[in-house]
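Read the figures in this text as sums done on the coordinates, not as results from a lab. The structure presented is a predicted model; accordingly, all values stated were derived computationally and were not measured. Heads up, the Cβs are rebuilt from the backbone with ideal geometry, glycines too, and the neighbour counts pull from every protein chain shown.
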Amino acid sequence: MPVFSKVGMRFSTQTLLLQLGVVLLVVLLSGAVHAWLVYGRIGDEAENQALTLARTVAADPDIRTNVQEISKEEGTPPAGVLAVGPLQAAAEAVRVRTGALFVVITDETGLRLAHPDLARLGERVSTDPSVALAGKEITTRNTGTLGPSAGAKVPVYSPDAAGTIVGEVSVGYSMESLSNSLGRDILPIAFTAGGALLAGVLASFLLRRRLQRLTLGLEPEEISTLVHDQVAVLQGVDDGVIGIAADGRISVFNAAASRLLDLPDATGQDWATADVPEQLKQLTQPAARDAEPVEIVAGGRVLVASARKAWHRKEDLGWVVMLRDRTELQQLTRQLDAVGTMSTALRAQRHEFANQLHTIAGFMSIGQHDSAKEYLERISATGPLKFPVEQAELLQDAYLQAFIGAKGVEASERGVTLRVGPETLVRGHVADPQDVTTVLGNLIDNAVSAAVAGSAADRWVEVELLDDPAADGGTLHLVVGDSGDGLGNLDPEEVFAEGFTTSAQPVRSGAGQGLGLALVRQLARRRGGDVRVLDRGSEGGPGAVFMATIPGVMDAERPTGSTEREDLRG
């Protein structure tokens, strides 16, 4: 895990500053564009207003007459005469009344007949009047003797029928007044821009806080490293890991969990409706926060499942469910139980074997050789050891003889007689002792417990075995009955449910209770066979009868020398 440097600006701070810069830039650009558009609109309105005023002045009959009379004279009247003339008075009156920068009247040559600056009377206008004197109206924005302005020029026609152009009228509004108008109009824009900037800053701070909350305060480099580490760890472990987010969605479902549960990847599914065993969902209930690990059977495997609540500081991150495979351990436990049972049986019968040897030695020491010979012949016919299993001679396979014989010793210690049914016929030999031990051992153990708990005075368990070496690679059929009180009102399928047990003690994690029948059924079905209830039994006995079919566990050929060993076992 790399050590991250704290030098430099945090990513969330960089994001905040970037957002603030973007918001400020957008606000400034928007304000500038809006101001430019408003300024253009005000200028257009000023030009239109100047054009309207110029048309009004140019259409005044008195002004048209006075301009025509001056145009007919030779030359232009002196400035002093024009200053007190009717045109100057009329133009100034209009200018003052409308607030225009200037109202200028010229003759047909462009000489000023009226002007706000009396010193300019009789002079040629500073801007080109040719368009208006040619009979066309025009709006302009230019800088004249009175400064920058937005204005209009229109021709002045003679009042007679000829309608000749005798001059022009030029009206303008100061651009400074337009700027003042813009200042008044731009104030709401400035307030709007300021409000937008403030909202953007606030949104940026809120986004930063949400980003920190979503990333748990981690930097992008740390998040990237965590993702790589998560993938490496989750896909590299043999334990199944299921992560459930706080919103109930499956956020992690590693390959081991998919393999152990024999399910496809369920990432992204809702945990409440996901196709996972119900026991796992119960582990993540609020009431099960401190629940002990439980054993379940899924996909033909025995799994130990545990769940823990995940927290980051005070934030609820959801649940983590861990799955550990205990199938091999359960199978090894069954095998060790079988070996221990046989060892116990052998120790129990060691004294009988020692007594037989002492008897033979006694006959020899007193010279009773014929008696010793007869005793040896009797032992050879029955075998040196005798398991308390009725009709054990029907078993020809050495493994089945030893295992069922050991189970007979164990049952005998609990006051139960184990016997082999008369229909037993096993012609091959056991090729897969592990699965046979698991299935047969569970069924016999359950039957012995049922017989002990039953009300019948005669307690017994009967096992019948039949093999079919030619079918499905060698199929072994097992039927186990007992003298117990049967299943009563229980549904036959209920006894195969995970966690079901008739034990008076509570089921403890790791004890294996409540898993036997569920495990053997899944084991048999995985091989293509099955375990089912043939008879529910009755009160007072006989009890329930179970049948198991296990394909692929028998070989047709017997090991060399097996016949002689079996004959010696009697």
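Fully extended, how many nm does the chain gain between Glu413 and Ala310 (0.36 nm per residue separation, minus their Cα-Cα distance)? Show your work: numbers first, answer last.
Working: separation 103, 0.36 × 103 = 37.08 nm, distance 4.97 nm.
Result for the pair: 32.1 nm of gain on full extension.
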Problem set entry | Label-to-label distance, nm, for residues given as Asn48 and Glu393 (7 Å Cα→Cβ offset) | 12.7 nm
Problem set entry | Förster radius 41 Å - calculated FRET efficiency between Asp275 and Ala199, Cβ distance, rounded to 0.05 | 0.30
Seminar exercise, completed: A student asked for the Cα radius of gyration and Dmax of segment 237-324 in angstrom ought to give 12.1, 39
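Quick check: residue separation of Leu29 and Arg210 times 0.36 nm, minus the Cα distance between them. What number comes out in nm? Mind showing how you got there, number by number?
Details: separation 181, 0.36 × 181 = 65.16 nm, distance 2.81 nm.
Between Leu29 and Arg210, full extension yields 62.3 nm more.
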